[in-house]
1. Looking at (1) farther than 20 Å from Gln230 by Cα; (2) of a type in the set (Asp, Glu); (3) touching a Phe, Trp or Tyr at 6+ places or on another chain (Cβ under 8 Å), find the lone condition where Asp297 falls short.
2. Here's a check for you: in the stretch 13-47, which residue that is modelled with pLDDT under 95 and closer than 17 Å to Glu342 by Cα is nearest to the chain's Cα centre (by Cα)?
3. Restricting to the stretch 288-316, what's the tally of residues that are in contact with a strand residue (DSSP E or B) (Cβ under 7 Å, 6 or more places away or on another chain), closer than 25 Å to Ser127 by Cα and hydrophobic (A, V, I, L, M, F, W, C)?
4. Can you list residue pairs whose Cβ atoms sit under 6 Å apart, with the first residue in the stretch 236-258 being on the phi > 0 side of the Ramachandran plot and the second being modelled with pLDDT of 95 or more and crowded, with 17+ Cβ neighbours inside 10 Å? Count only pairs 6 or more apart in sequence or on different chains.
5. Cβ contacts < 7 Å: first residue within 18 Å of Asp80 (Cα to Cα) and modelled with pLDDT of 95 or more, restricted to the stretch 92-106; second residue hydroxyl-bearing (Ser, Thr, Tyr) and in a loop (DSSP other than H, G, I, E, B), any location; separation 6+ or different chain. Result?
6. Return the residue satisfying two criteria in turn: it lies in the stretch 305-362 and is open to solvent by 10 Å² or more (accessible area, probe 1.4 Å) and hydroxyl-bearing (Ser, Thr, Tyr), and of such residues it is nearest to the chain's Cα centre (by Cα).
7. Being in contact with a strand residue (DSSP E or B) (Cβ under 8 Å, 6 or more places away or on another chain) and among the aliphatic types (A, V, I, L, M) is the filter; apply it to the stretch 337-368 and report the residue that is nearest to Arg120 (Cα to Cα).
8. Tally time: how many residues in the stretch 107-121 are part of a helix (DSSP H, G or I) and either within 21 Å of Phe28 (Cα to Cα) or modelled with pLDDT under 95 (or both)?
Amino acid sequence: MSDQLRAAAPPPAEGLAAPYDALLLLSFGGPEGPDDVVPFLENVTRGRGIPRERLKEVGQHYFGFGGVSPINGQNRELLDALRKDFAGHGLDLPVYWGNRNWAPYLTDVMREMAADGRRRIALLATSAYASYSGCRQYRENLADALAALVEDGVAELPKVDKLRHYFNHPGFVQPMIDGVLAALESLPKEVRGGAHLAFTTHSIPTAAADTSGPVEEHTAGGEGGAYVRQHLDVAQVIADAVRAETGRELPWELVYQSRSGAPHIPWLEPDICDHLEALHEAGAPAVVMVPIGFVSDHMEVLYDLDTEATAKAAELGLPIARSATVGADPRFAAAVRELVLERAAAERGEPVERCALGLLGPSHDLCAVGCCPARGPRPAAAGVDSPYA
């Protein structure tokens, strides 16, 4: 892995957060009880005209878990890990948490931060890769929140900078490597050596994938743009590390899950369950599912992988294991600290080394015009085209 390391020296953590006076953890949100499920789904699908009865059907995934998505609890754990890491490294930076689709709502948290006198905010989204839904949509929601502050009459709007994509940061990748090694060990010994790795991420429409990332990285014909390229790069790093640790070259493929949308619109494939059937037919002895596209074990991991895909594997008689997501791993909390400090140094005009594994190098700080383009004419904050400089 050393030949793929692009700048491994993190900046010092000696309270050098200036100009930032707060960190905002921004996530998707999820219901925390049965009565929350349909209103939450209405928030997620607002403007799409989806009937309430259809949302109740979709909500069965949540009702099967008591109507509670684990994502909010996992964000609380990450929030705690960040605060402990910051305090342990002398970084006096308060950490707030807001969601796009459920309480604590982003707009309410931005009001709180403005009232607390926060004027320069670093933002970490719980989405590591480039895509409309994983980046620009967060920036659109941020613009909506800032517009609400303008309507409230806030005299001085906070300036918010979104931290770069961290898909290839060592603090994000190394916990996943360890998770794969642990999952392999959980398989029966007789099938472990020939196990296949199925790296999974959220499927998105191929048109959205092709236009993910900066304009110069856009593709056509379903090649997947930066979204697919970034996932493939991380998968290769993990596969190489597993080979180095075990001495075995395990076959792997990037596959997709959690498709939602009209069946006539092309989405990234293959689906994880179709992939398991294909591997079984090809005689694969076992599979490890590796959810590299997800920061934590939220509902799409628990249902689509631990429930649906695991049931498919049992139906096929195919031994299967699922590796852990990063969650609140202390190494990820440390990576967030490093991301804050590197961006702070850059904002001060100082040179900074940026940690990144793989062949793609560190991502950009500021989203350019046309980066993960919008589905419609909506403003987005924290980018070159932000109306809130």
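1. All conditions are met except number (3).
2. Filtering the stretch 13-47 for residues that are modelled with pLDDT under 95 and closer than 17 Å to Glu342 by Cα, the one nearest to the chain's Cα centre (by Cα) comes out as Ala13.
3. Total satisfying the criteria: 6.
4. Close Cβ pairs satisfying both conditions: Ser258/His202; Ser258/Asp304.
5. These pairs meet every condition: Leu93/Tyr20.
6. Going through the qualifying residues, I end up with Thr325.
7. So the residue we want is Ala344.
8. Within the stretch 107-121, residues that are part of a helix (DSSP H, G or I) and either within 21 Å of Phe28 (Cα to Cα) or modelled with pLDDT under 95 (or both) number 7.
The values are calculated or read from the model by the stated rules, or taken from the named source; none is laboratory data. In this text, all values refer to a predicted model and were calculated from it rather than measured experimentally. Here Cβ is always computed from backbone atoms with ideal geometry, including for glycine, and neighbour counts include all displayed protein chains. We work out accessible area using only protein heavy atoms, side chains counted, and drop any ligands, DNA or RNA first. Shrake-Rupley method; radii C 1.70, N 1.55, O 1.52, S 1.80 Å.
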